[in-house]
Amino acid sequence: MLDLFEIAIIQLIAASEANRPLIYATFGNQTLVESFWTVYSYMIDQQATVRHLCLYLQQYSSQYNKSTLFEFILTTSISTLTIN
């Protein structure tokens, strides 16, 4: 089952590929809003691409991890992402 963090990244990928703005309803979940903004800002600073986001999702889902996807992204350098 996908969590809200995974859904947010998938929505970002879809909006980016469709060349559309991202409109994501958090239904008052302020933690999600703040966390997403932190991750989004980090990805902009790192010049992350859709390819990088897909690699983050792939590598996050392939390992048992107690952290959230957002924590995984913030602690995993883009340079360490590999294609499996």
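Any residue at all in the range 13-27 that is among the β-branched types (Val, Ile, Thr) and in contact with a Cys (Cβ under 9 Å, 6 or more places away or on another chain)? For the range 13-27, residues among the β-branched types (Val, Ile, Thr) and in contact with a Cys (Cβ under 9 Å, 6 or more places away or on another chain): present.
Got a sec? Which of 49, 26, 68, 82 is under 12 Å from the mean Cα position of the chain (by Cα) and exposed (fewer than 15 other Cβ atoms within 10 Å of the Cβ)? The unique qualifying residue is 49. Restricting the range 1-23 to residues that are assigned to a helix (DSSP H, G or I) and acidic (Asp, Glu), the residue that is surrounded by the fewest Cβ atoms within 10 Å (Cβ to Cβ) is 17.
Residues are listed down the side, and each one gets a yes or a no for (1) modelled with pLDDT of 95 or more; (2) small (Gly, Ala, Ser); (3) under 15 Å from residue 8 (Cα atoms):
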site: 46; (1), (2), (3): no, no, no
site: 57; (1), (2), (3): no, no, yes
site: 60; (1), (2), (3): no, no, yes
site: 63; (1), (2), (3): no, no, no
site: 67; (1), (2), (3): no, yes, no
site: 70; (1), (2), (3): no, no, yes
site: 75; (1), (2), (3): no, no, no
site: 78; (1), (2), (3): no, no, no
site: 83; (1), (2), (3): no, no, no
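The values are calculated or read from the model by the stated rules, or taken from the named source; none is laboratory data. Owing to the predicted nature of the structure, the values given are computational and were not obtained by experimental measurement. For neighbour counting, all protein chains shown are included, and Cβ atoms are generated from backbone atoms with ideal geometry for every residue, glycine included.
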